[in-house]
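Participant: Have a look at the structure that comes next, please.
The values are calculated or read from the model by the stated rules, or taken from the named source; none is laboratory data. Since the model is a prediction, treat every value here as computed from it, not as a measurement. Here Cβ is always computed from backbone atoms with ideal geometry, including for glycine, and neighbour counts include all displayed protein chains.
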Amino acid sequence: MERRISAGILAGGKSKRMGEDKARLWHGGETFLAHLLRELREFDEVLLSVEDRRAWADAPCRIVEDQLPDFGPVEGIYQLLRAARNPYVLVTAIDLQCLTALALQTLARQIRPGVCCLVPCRDAWLEPLCSIYHKDALPVLEQMRSAGVRRPRALFDCVPTRYIEFADLGWNDSMVKNVNTRGEYEALLREEDSKETKKSCCTVKKEIDRI
């Protein structure tokens, strides 16, 4: 990668709609966390943002703990920026399971001098939980925390922000599809099963063609 960039995974949510910790859900033969760690392996460091570090004694990466409980992603982004050893942090939510290393590295290559936030978008729809933040955003994030402002998008009006369309990144909507509910998780698993079935059918066909 051209720049040394940290990566941060947001895993501090309550997962109330899912009913269990999303980081430890399984998909494609690995946990949600393991998938993102693999896709982020080219970044200079990977941090995991959690609400309570005591639940993550076995984590394979550095843990960053929230100081304001139940404050949401603004708190996670703030703590990740404070803890990172690099000025830039690519922040992604734990449930973005369709992200690939190529997609993330393509985003990282779009960093420009003077830009504090780099935010993928599709028309007016923004994806703040798969964006890149600079430590220069910390003072504004501190003000947001003090004022009780929990929406990451409020930051973008206060610091130099660059918006980049999905099409310019080679992304599609499915790459940033969240998995918030049990139904969405089951749909993800069905999609995985469908891909495996198609793969098996193709393999069988190739074997038959060789006979």
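Participant: Against the definition (surrounded by 15 or more Cβ atoms within 10 Å (Cβ to Cβ) and over 15 Å from the mean Cα position of the chain (by Cα)), how does residue 55 come out, yes or no?
Facilitator: Considered against the rule, which asks whether it is surrounded by 15 or more Cβ atoms within 10 Å (Cβ to Cβ) and over 15 Å from the mean Cα position of the chain (by Cα), residue 55 comes out as no.
Participant: Restricting to region 36-94, and then to whatever is in a loop (DSSP other than H, G, I, E, B) and among the polar types (S, T, N, Q), can you tell me which residue is farthest from residue 11 (Cα to Cα)?
Facilitator: 86
Participant: State which residue is surrounded by the fewest Cβ atoms within 10 Å (Cβ to Cβ) when the search covers only region 168-192 and only residues that are free of Cβ contacts under 8 Å to residues at least 24 places away in the same chain and not charged (D, E, K, R).
Facilitator: Looking at the filtered set, the residue picked out is 183.
Participant: While we're looking at this one, here's another question. When both residues are 6+ apart or on different chains and their Cβ atoms are under 9 Å apart, which pairs have a first residue that lies in region 140-167 and is under 19 Å from residue 108 (Cβ atoms), and a second that is charged (D, E, K, R) and outside any helix (DSSP H, G or I)?
Facilitator: These pairs meet every condition: 162/112; 165/122; 165/123; 166/122; 166/127; 167/122.
Participant: Now for a different question. Identify, please: which residue in region 143-161 is among the β-branched types (Val, Ile, Thr) and touching a strand residue (DSSP E or B) at 6+ places or on another chain (Cβ under 7 Å) and is, among those, nearest to residue 113 (Cα to Cα)?
Facilitator: Selected residue: 161.
Participant: Okay, next question. Go through region 61-93 and report how many residues are surrounded by fewer than 18 Cβ atoms within 10 Å (Cβ to Cβ) and more than 14 Å from residue 50 (Cβ to Cβ).
Facilitator: 4
Participant: Could you check, for region 138-145, whether at least one of its residues is exposed (fewer than 15 other Cβ atoms within 10 Å of the Cβ), at positive phi and at pLDDT 90 or above?
Facilitator: Among the residues of region 138-145, not one is exposed (fewer than 15 other Cβ atoms within 10 Å of the Cβ), at positive phi and at pLDDT 90 or above, which makes the answer no.
One line per residue, one yes/no per condition, for (1) closer than 17 Å to residue 142 by Cβ; (2) in contact with a Ser or Thr (Cβ under 7 Å, 6 or more places away or on another chain); (3) not hydrophobic (A, V, I, L, M, F, W, C):
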| position | (1), (2), (3) |
| --- | --- |
| 20 | no, no, yes |
| 40 | no, no, no |
| 58 | no, no, yes |
| 68 | yes, no, no |
| 73 | yes, no, yes |
| 82 | yes, no, yes |
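Participant: Go through region 103-136 and give me each residue that's in contact (Cβ under 8 Å) with a residue 60 or more places away in the chain and either crowded, with 16+ Cβ neighbours inside 10 Å or part of a helix (DSSP H, G or I) (or both).
Facilitator: Of region 103-136, the ones in contact (Cβ under 8 Å) with a residue 60 or more places away in the chain are 103-109, 111, 129, 132.
Of everything in region 103-136, those that are in contact (Cβ under 8 Å) with a residue 60 or more places away in the chain and either crowded, with 16+ Cβ neighbours inside 10 Å or part of a helix (DSSP H, G or I) (or both) turn out to be 103, 104, 105, 106, 107, 108, 111, 129, 132.
Participant: Any residue at all in region 140-158 that is in contact with a Phe, Trp or Tyr (Cβ under 9 Å, 6 or more places away or on another chain) and part of a strand (DSSP E or B)?
Facilitator: no
Participant: Does region 27-38 contain at least one residue that is surrounded by fewer than 15 Cβ atoms within 10 Å (Cβ to Cβ), at pLDDT below 95 and of a type in the set (Lys, Arg)? If you could, list the steps in order and put the result at the bottom.
Facilitator: As a first pass, look at region 27-38 and keep what is surrounded by fewer than 15 Cβ atoms within 10 Å (Cβ to Cβ): 28-30, 38.
With at pLDDT below 95 added as a condition, the list becomes 28-30.
Those left that are additionally of a type in the set (Lys, Arg): none.
Checking region 27-38: not a single residue is surrounded by fewer than 15 Cβ atoms within 10 Å (Cβ to Cβ), at pLDDT below 95 and of a type in the set (Lys, Arg).
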